[in-house]
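Each remark here refers to the structure printed beneath this line.
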Amino acid sequence: MSGKKTKFIFITGGVLSSLGKGLAAASIGALLKARGLNVTIQKLDPYINVDPGTMNPFQHGEVYVTDDGTETDLDLGHYERYLGIPLGKHNNYTSGSIYYEVIKKERRGDYLGGTVQVIPHITDQIKEAILNVVRNDEDVVIVEIGGTVGDIEGQPFLEAIRQMRFDLGKENVLYIHLTLVPYIKTAGELKTKPTQHSVKELRSIGIQPDIILCRSEMELDDSIKRKIALFCNVDPDAVFSAVDVKNIYEVPLAFYNEGIDQKIAIMLKLPAKNPDLSPWVELVDKLKSLQPGVKIAIVGKYVDLKESYKSLHEALVHGGIANNVSPELIYINSEELNPENIEERLKDAHGILVPGGFGHRGVEGKILACEYAREKKIPFFGICLGMQCAVIEFARNVADIKQANSSEFDPRTPDPVIYLMTEWYDVRNKCVQRRDPKSEKGGTMRLGAYPCKLKKDTLAYTAYKQDLIYERHRHRYEFNKKYAKQFEENGLILSGLSPDEDLVEIVEIKDHPWFVGCQFHPEFKSKPMDPHPLFVHFIRAAKELFGKGR
Ligand code: GLN
């Protein structure tokens, strides 16, 4: 690190969860970046899981994966989409990961027989994790504390960030508190009491917020801002409205119009230029002129919690922006699909997408959706498990491998077209990975970015226009190359392979407007200003079908 002091912005949340703290943090990051500052961002999650990798998407939403193969909280997806910088393992810590490190040190004897306590051992470990995110001489680090002030698990994080102002100096640390200012219809008023209470809670542990961001249905007028300022002990011009917007990509401009980034720059004495927000203005303009009508059916298992498909949802929106359409996303529970109702459920779809997933529940419905898309020539996009389902369907119904299955769903299948490789060379980790198919969990997952070379004259190549791509993975099972010839003879094209040609990364079929399955998760790399090529081409094909009428 040079002599320059990195400044830290800590963002806490009050009153209740789901206020969009992640989006607020990402938007502030985007604005500071647009001011020419070198910014990075980190999420600290209070739960005890060591990482979210083992958490059920039904409960916790999507598990986001970074290039370096870290399974992270979905807020990292927002951060990457808004800031356009690749993040990794240093950008997300959980209470569990912090405690795990401390316990490992204790077992090693690093504490020399001392009593290991929350303060100072856990808090020191948290502070180390925060300082550790500074890797490229950043001007600003934004740290979002998950959960809500008052949560029991979050207390060590709050204590650690309280100490950091002493450690680093007042001028280098800023606290932003995001709260809710509800509008009570019967009173016809915006209410400040919940904000007062949550700031009181924060102050009782020694943190005085510098800026208060108030989520509300409507703009806060000056009298409300003055009231909050008075009761919460902040400058009246440090109380901002964060009004609900139509589209999440409007948040950075809304914050800019409020003057939030300017206030931050002044308070932290940042060497900030006037921001260049033209890409955001252009994006928001485009969002307003998108054409409706294109319907995309997402046939998956976690359809009741939209957060489970967060990045996927966004990537489809991005693909829409590139094609000037606003796709209508219809989530269909694959467990409910059967040969009797499939026509009725999918008859309006201009594109069908089968996303990733784990376990056999709902798989036959997904396979049915693949068959429907293939036969009816509806643009189809299969992602990870979705690609595996498309391969199984093709095997059973086209290549005449009647009992084809994935060994994940039927360990005794005579034709495991999708299987657990017992040995493969892991280019990223530079080692041979060995897996025991008999073990309960089936060994390690392939996680993070891996190279894939593309065959010319394929849908994949037409989309990427590159010979070599890197995409992020999160799966255990692979296409079984033993069947490659049989597949190819029947018209399945293996259009993307690992450089050593051992792993099949992309498949597509001939004589179809657009039918692509990929073993990786392209949705993790799509950005509003840089939409992912496969999503762009999938939506383009769906738009074409819409144009022709279906
Ligand atoms: N369950 C499949 C596997 O482990 C697919 C995983 C996924 O879709 N992310 O290979």
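What single numbered condition from (1) within 23 Å of His177 (Cβ to Cβ); (2) part of a loop (DSSP other than H, G, I, E, B) fails to hold for Gly69?
Only one criterion is unmet by Gly69, namely (1).
Return yes or no: is Ala322 touching a strand residue (DSSP E or B) at 6+ places or on another chain (Cβ under 6 Å) and at pLDDT 95 or above?
So Ala322 does not fit the description; no.
Could you check Gly293 against (1) assigned to a loop (DSSP other than H, G, I, E, B); (2) under 25 Å from the mean Cα position of the chain (by Cα) and say which number it fails?
Single failed check for Gly293: (2).
In the list Gln519, Gln486, which residue meets the criterion of being within 12 Å of Val391 (Cβ to Cβ), within 16 Å of the ligand (Cβ to nearest atom) and not small (Gly, Ala, Ser)?
Gln519
In segment 151-185, which residues are of a type outside the set (A, V, I, L, M, F, W, C) and in a helix (DSSP H, G or I)?
Hits for segment 151-185 are Gln155, Pro156, Glu159, Arg162, Gln163, Arg165, Asp167, Lys170, Glu171, Asn172.
In segment 426-480, which residues are under 24 Å from the mean Cα position of the chain (by Cα), modelled with pLDDT under 85 and away from the ligand (no atom under 16 Å from the Cβ)?
Of everything in segment 426-480, those that are under 24 Å from the mean Cα position of the chain (by Cα), modelled with pLDDT under 85 and away from the ligand (no atom under 16 Å from the Cβ) turn out to be Arg428, Asn429.
Table: residues versus (1) free of Cβ contacts under 8 Å to residues at least 60 places away in the same chain; (2) away from the ligand (no atom under 12 Å from the Cβ); (3) more than 28 Å from Asn490 (Cα to Cα); (4) not in a helix (DSSP H, G or I).
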residue: Ile332; (1), (2), (3), (4): yes, yes, yes, yes
residue: Asp348; (1), (2), (3), (4): no, yes, yes, yes
residue: Ile352; (1), (2), (3), (4): yes, yes, no, yes
residue: Gly357; (1), (2), (3), (4): yes, no, no, yes
residue: Gly365; (1), (2), (3), (4): no, yes, no, no
residue: Val391; (1), (2), (3), (4): no, no, no, no
residue: Phe394; (1), (2), (3), (4): no, yes, no, no
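Checking the structure you have, find out if any residue of segment 244-253 is polar (S, T, N, Q), modelled with pLDDT under 95 and closer than 26 Å to Lys288 by Cβ.
Checked segment 244-253: at least one residue is polar (S, T, N, Q), modelled with pLDDT under 95 and closer than 26 Å to Lys288 by Cβ.
Can you tell me which residue in segment 396-405 is farthest from the ligand (Cβ to nearest atom), limited to those that are surrounded by fewer than 19 Cβ atoms within 10 Å (Cβ to Cβ) and either closer than 22 Å to Ala542 by Cα or of a type in the set (S, T, N, Q) (or both)?
Asn397
Please go through segment 235-257 and pick out each residue that is over 26 Å from the mean Cα position of the chain (by Cα) and of a type in the set (A, V, I, L, M).
Ala238, Val239
Which numbered condition trips up Arg474, out of (1) touching an Asp or Glu at 6+ places or on another chain (Cβ under 6 Å); (2) under 20 Å from Cys389 (Cβ atoms); (3) surrounded by fewer than 24 Cβ atoms within 10 Å (Cβ to Cβ)?
(1) is the only condition that Arg474 fails.
For segment 485-531, give me the residue count where each residue is farther than 30 Å from Glu423 by Cα and either surrounded by fewer than 24 Cβ atoms within 10 Å (Cβ to Cβ) or over 25 Å from the mean Cα position of the chain (by Cα) (or both).
Total satisfying the criteria: 10.
Evaluate the following for Lys43: is it among the basic types (Lys, Arg), under 15 Å from the mean Cα position of the chain (by Cα) and outside any helix (DSSP H, G or I)? Let's see the steps before the verdict.
On the way: among the basic types (Lys, Arg): yes; under 15 Å from the mean Cα position of the chain (by Cα): yes; outside any helix (DSSP H, G or I): yes.
Yes: the conditions hold for Lys43.
Residue by residue, here is whether (1) closer than 24 Å to Asp67 by Cβ; (2) touching a Pro at 6+ places or on another chain (Cβ under 9 Å); (3) in contact (Cβ under 8 Å) with a residue 12 or more places away in the chain holds:
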| residue | (1), (2), (3) |
| --- | --- |
| Lys453 | yes, yes, yes |
| Asp457 | no, no, no |
| Asp467 | yes, no, yes |
| Ala484 | no, no, yes |
| Glu488 | no, no, no |
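Being surrounded by fewer than 22 Cβ atoms within 10 Å (Cβ to Cβ) and either in contact with a Lys or Arg (Cβ under 9 Å, 6 or more places away or on another chain) or not β-branched (Val, Ile, Thr) (or both) is the filter; apply it to segment 1-14 and report the residue that is nearest to Asn132 (Cα to Cα).
The extreme case among them is Met1.
What helices (runs of 4 or more DSSP H) completely inside segment 191-286 contain at least 3 residues that are touching a residue at least 60 places away in the same chain (Cβ under 8 Å)?
Hits in segment 191-286: 193-204, 251-258, 260-267.
List the pairs whose first member sits in segment 532-550 and is surrounded by fewer than 23 Cβ atoms within 10 Å (Cβ to Cβ), whose second member is assigned to a loop (DSSP other than H, G, I, E, B) and acidic (Asp, Glu), and whose Cβ atoms are under 9 Å apart, counting only residues at least 6 apart or on separate chains?
Qualifying pairs under 9 Å: Arg550/Asp348.
Which of the numbered conditions does Thr422 fail, given that it passes all the others? Conditions: (1) exposed (fewer than 13 other Cβ atoms within 10 Å of the Cβ); (2) more than 20 Å from Met387 (Cβ to Cβ); (3) more than 16 Å from the ligand (Cβ to nearest atom).
All conditions are met except number (3).
For (1) surrounded by 14 or more Cβ atoms within 10 Å (Cβ to Cβ); (2) in contact with a Ser or Thr (Cβ under 6 Å, 6 or more places away or on another chain); (3) basic (Lys, Arg); (4) at pLDDT 95 or above, each residue gets a yes or a no:
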residue: Ile126; (1), (2), (3), (4): yes, no, no, yes
residue: Arg135; (1), (2), (3), (4): no, no, yes, no
residue: Val140; (1), (2), (3), (4): yes, no, no, yes
residue: Ala160; (1), (2), (3), (4): yes, yes, no, yes
residue: Met164; (1), (2), (3), (4): yes, no, no, yes
residue: Asn172; (1), (2), (3), (4): yes, no, no, yes
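Please state which one of Gly96, Gly22, Gly29 is assigned to a helix (DSSP H, G or I) and over 20 Å from Val134 (Cα atoms).
Of Gly96, Gly22, Gly29, the one residue that is assigned to a helix (DSSP H, G or I) and over 20 Å from Val134 (Cα atoms) is Gly96.
Among Ile321, Ile378, which is in contact (Cβ under 8 Å) with a residue 24 or more places away in the chain, outside any helix (DSSP H, G or I), within 24 Å of Glu544 (Cα to Cα) and more than 12 Å from the ligand (Cβ to nearest atom)? It would help to see each step written out before you state the result.
On the way: Ile321 fails: outside any helix (DSSP H, G or I).
Sole residue among the options that is in contact (Cβ under 8 Å) with a residue 24 or more places away in the chain, outside any helix (DSSP H, G or I), within 24 Å of Glu544 (Cα to Cα) and more than 12 Å from the ligand (Cβ to nearest atom): Ile378.
Consider Glu408 carefully, then state whether it is within 14 Å of the ligand (Cβ to nearest atom), assigned to a loop (DSSP other than H, G, I, E, B) and either within 19 Å of Leu337 (Cβ to Cβ) or not basic (Lys, Arg) (or both).
Yes.
Note down all Cβ pairs under 9 Å where the first residue falls in segment 398-413 and is under 13 Å from Ile367 (Cα atoms), the second is among the hydroxyl-bearing types (Ser, Thr, Tyr) and within 13 Å of the ligand (Cβ to nearest atom), and they're at least six residues apart or on different chains.
Matching pairs, first to second residue: Ser406/Tyr419; Ser406/Tyr477.
The values are calculated or read from the model by the stated rules, or taken from the named source; none is laboratory data. Only a predicted model underlies this, so the values are computations on that prediction, with no experimental measurement involved. Methodologically, a virtual Cβ is constructed for each residue, glycine included, from the backbone with ideal geometry; neighbour enumeration extends over all protein chains shown.
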